[in-house]
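The values are calculated or read from the model by the stated rules, or taken from the named source; none is laboratory data. Not measured: the values here are computed from a predicted model. A quick note on method: Cβ atoms are made from the backbone with ideal geometry, for glycine too, and the neighbour counts reach across all protein chains shown.
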Amino acid sequence: DSGVTQTPKHLITATGQRVTLRCSPRSGDLSVYWYQQSLDQGLQFLIQYYNGEERAKGNILERFSAQQFPDLHSELNLSSLELGDSALYFCASSPHHANTGELFFGEGSRLTVL
Amino acid sequence: DQQVKQNSPSLSVQEGRISILNCDYTNSMFDYFLWYKKYPAEGPTFLISISSIKDKNEDGRFTVFLNKSAKHLSLHIVPSQPGDSAVYFCAATNSNSGYALNFGKGTSLLVTP
C-alpha cells in the first residue's frame, strides 16, 4: 500500500460527458502528479501540483484540468470525453523535500468511454 | 515525442538466470533515472534509481547501470525469481522539472521456473 488513494477505481461513461477523478496523497506529501496510461503506451505525464499551485505541465489536453485543494487532495477533471480518453489514470505523490525523484503511485482509476 | 524508450516490449528468462532490461533516452538534460515495477491492477512501485553523477547503483539483486555518453541505462536482476515477473518501467527526470517523470512504455518480464 503506497498510501496514495484514488477514487473511483473504475468509471464507465459516454462520449461528451465530464468526469472527476480524485486523489489523496500520502500523508505529508505536498506534490501531486497525474499520469495517463493508454493501451500499449507508457505513463504520460499530465500535470503536477505542489502545495496547491501548478508546478509543471505535460501533455495535458485543454479539455482536461486539475487542481490541488488546501487539504492537498487533488482532482483531475476530464470534459467533452472522447473514446480515446479511455485509459488508466494514475495519481502519484512525493514529499516536498525529496531530491530523489521517487514518486508513490496510487492504484489508478480506469476510465472507459463508450 | 518519446524521450525515454524501452525497445523490448517483453523478455522471458529462466529462474536463477540474469534478466537485463534496457532503456534509452534522448534528452541530455535528464539527471536522474529510475526503474519502477508494476504488477497487474496495482500502481507502479519504485525499484531503484541512479543519479547522473554515478554509473552504477546496486541494491540487493538489482543493479542499474548508466552510460551517459550512449544515453543508455540498464537494469540487471540476478538471480531472477518468478516473483520478479512484472512490467518494468524506465523513467527519467530533470531535477529542475519538479521531478515530473518521463516514462518508457515498459518491458514485460516473465521469469519461468
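Scanning region A:25-46 for residues that are out of contact with any Leu (no Cβ under 8 Å at 6 or more places or on another chain) and either modelled with pLDDT of 95 or more or not small (Gly, Ala, Ser) (or both) gives A:26, A:39, A:40, A:41, A:44.
In region B:7-113, counting only strands (runs of 3 or more DSSP E) that sit wholly within it, the ones holding 3 or more residues that are crowded, with 18+ Cβ neighbours inside 10 Å and touching a residue at least 24 places away in the same chain (Cβ under 8 Å) span B:19-25, B:32-38, B:72-77, B:86-93, B:107-112. Taking the criterion of being within 14 Å of chain B (Cβ to nearest Cβ), at pLDDT 95 or above and assigned to a loop (DSSP other than H, G, I, E, B), the residues of region A:1-12 that qualify are A:4, A:9. Test residue A:39 against the stated conditions and say whether it is touching a residue at least 40 places away in the same chain (Cβ under 8 Å), within 12 Å of another protein chain (Cβ to nearest Cβ) and surrounded by fewer than 18 Cβ atoms within 10 Å (Cβ to Cβ). When the stated conditions are applied, residue A:39 passes them. For the criterion of being small (Gly, Ala, Ser) and on the phi < 0 side of the Ramachandran plot, residue A:109 passes. One residue is enough: does region A:72-84 have a residue meeting the conditions of a type in the set (A, V, I, L, M, F, W, C), within 11 Å of chain B (Cβ to nearest Cβ) and either within 30 Å of residue B:9 (Cβ to Cβ) or touching a strand residue (DSSP E or B) at 6+ places or on another chain (Cβ under 7 Å) (or both)? No: zero hits.
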